[in-house]
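Can you read through this structure? Questions will come right after.
Derivation of every value follows stated rules applied to the coordinates shown; laboratory data play no part. Note that the structure is a prediction, hence the values are computed from the model and not measured. Don't worry about glycine lacking a Cβ; one is built from the backbone with ideal geometry, like all the others, and counts go over all protein chains shown.
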Amino acid sequence: FQAVRNAQQKGAPLYVQLRKSIEDAVNAGIVGPGDALPSERDIAIRADVSRVTVRKAVQDLVRGGILVQRHGSGTFVAPRVNRVEQPLSRLTSFTEDMARRGMTVRSEWLDRGLYTPSPEEMMTLGLSPSERVARVARLRIADDTPLAIERASLSATILPDPEAIGDSLYAALEKTAHRPVRAIQRLSAKNLSEAEARLLGASPGSASLNIERISYLATGKVVEFTRSVYRGDAYDFVVELRLAD
Ligand code: 16G
């Protein structure tokens, strides 16, 4: 922070200078992943800048995923997350993807049960209003890092007992010959809401990937309509491209 005071004459806005010196401290390992930052007031005093300047610098670093803010407990250097590379052309399950990398998979249940379908579920899954939809919502965790929030909807005729799927939805579907063989996946960029950020241990507003998967049986029947939110700092989706013939 001393450097900020020394550099004040150099022209760049103060919050930019402060942001850089915090970033340098993180990169140099002076503060490590998970370490708490001093309070806004302490930083302001030490760097001889206003608290507004500190807040702006910190907000930028939170947005960039360098720092995380936890309500009530302060600001921390973001834990280091090993990025996962996921090929996009294969229809695999989360459990298989992570097991192949030697990672330990765990899920926390957010919701599971049979419900009256929403209009969107009726349309996508081809259900009538009198039919039931099975909802399976989980926080997907690999090696203790929460990677994604996943909400799957399936026809209750395909998944009559969502409580009984165990660790892997696709393994459960395989047992009843309902494992999908084809899927259409749509990816879009989004910023995490407060609630999503809390579940994923990330900062509200930080980058994430929204993924929608509709998967099908060989007969063409829809099996699953799943919406997932993946942490932007933990996932790279990789696609192989070939010259069109
Ligand atoms: C993947 C799929 C999800 C599927 C799940 C099954 C994406 C974006 N999503 O996470 O649609 O329901 O795998 O995983 O790839 P499981 O068999 O481990 O429960």
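Which listed residue (I30, A218, L125) has the Cα farthest towards the positive end of the charge dipole for the chain, taking +1 on Lys and Arg C-beta and -1 on Asp and Glu C-beta about the Cα centre?
It is I30, whose Cα lies furthest towards the positive end.
Between D245 and S39, what is the label-to-label distance in nm when each label sits 7 Å out along the Cα-to-Cβ direction?
In this crude spin-label approximation the distance works out to 6.8 nm.
Turning to a different aspect of this structure: Could you check the spin-label model distance between R80 and L114? Points 7 Å from the Cα along Cα→Cβ, value in nm.
Taking the two extended label points, one gets 4.9 nm.
Related question: How far, in nm, would the chain grow between F237 and I158 when pulled straight, counting 0.36 nm per residue and subtracting the alpha carbon separation?
25.5 nm
Please build a GNM for the chain, connecting alpha carbons under 10 Å apart, and tell me which residue among T124, T92, T157 fluctuates the most.
Highest fluctuation among the options: T157.
Moving on to the next point. If I build a Gaussian network model for the chain, linking alpha-carbon pairs within less than 10 angstrom, which residue out of A234, A47, A134 has the largest mean-square fluctuation?
Result for the chain, Cα springs under 10 Å: A47 fluctuates most.
Considering every pair of different Cα atoms, what Kirkwood radius, in Å, is found for region 1-109?
On the way: mean 1/r = 0.0617 Å⁻¹.
Result for region 1-109 stands at 16.2 Å.
Do you know the Lys pair count in the chain for C-alpha distances under 24 Å, with sequence separation 8 or more or different chains? Provide the component values of the computation, followed by the final result.
On the way: K10/K20; K10/K56; K20/K56; K56/K190; K175/K221.
Lysine pair count for the chain: 5.
To the nearest 20 debye, what is the magnitude of the charge dipole of region 84-238 about its Cα centre, counting +1 on the Cβ of each Lys and Arg and -1 on the Cβ of each Asp and Glu?
Numbers: 20 positive and 21 negative charges, 67 e Å.
For region 84-238, the charge dipole is close to 320 debye.
Put +1 on the Cβ of each Lys and Arg and -1 on the Cβ of each Asp and Glu in the chain; which of A78, T95, G201 then has its Cα farthest toward the positive end of the dipole?
A78
To the nearest 10 degrees, how steeply does helix 14-27 sit against the main Cα axis of the chain, on a 0 to 90 scale?
70 degrees
Once Lys and Arg get +1 and Asp and Glu get -1 on their Cβ, which of V49, L18, Q69 lies farthest toward the positive end of the dipole of the chain?
Value computed over the given set: V49.
Give the separation of the Cα centroids, region 86-155 to region 39-79, in Å.
Spelled out, the Cα-based centre of one part sits 35 Å from the other.
Here's another thing I want to ask about it. Give, as ranges by residue number, the residues of region 204-244 whose backbone N falls under 17 Å from the point 7 Å along Cα→Cβ of E96.
Counting backbone N atoms under 17 Å from the label point, the list is 213-219, 223-226, 238.
Mind pulling the angle between the C-alpha long axis of helix 51-63 and the longest principal axis of the chain? Nearest 10 degrees, somewhere in 0 to 90.
Rounded to the nearest ten degrees, it is 30.
Let me ask something additional. So what is Rg over Rh here for region 84-238, counting just Cα atoms and using Kirkwood for Rh? Each step should come with its number before you reach the end.
On the way: Rg = 15.1 Å, Rh = 15.9 Å.
So for region 84-238, dividing Rg by the Kirkwood Rh gives 0.95.
How high is the relative contact order of region 23-168? Use alpha-carbon pairs under 8 Å, at least six apart in sequence, and give a whole percent.
On the way: 189 pairs, mean separation 25.5, N = 146.
In percent, rounded to a whole number, it is 17.
Using Cα pairs closer than 8 Å and at least 6 residues apart in sequence, work out the relative contact order for region 84-238, in percent. Present the calculation step by step, with values, prior to reporting the outcome.
Working: 324 pairs, mean separation 37.5, N = 155.
This gives 24 percent for region 84-238.
Quick one: S208, S118, fewest Cβ neighbours within 10 Å first, how do they rank? It would help to have the intermediate numbers written out before the result.
Working: S208 26, S118 13.
The most exposed by this proxy come first: S118, S208.
Of P204, P13, P79, which has the largest mean-square fluctuation in a 10 Å C-alpha GNM of the chain?
Answer for the Gaussian network model of the chain: P13.
Another question, if that's okay. Region 186-245: Rg/Rh from Cα coordinates, Kirkwood Rh?
Over the Cα atoms of region 186-245, Rg/Rh equals 1.12.
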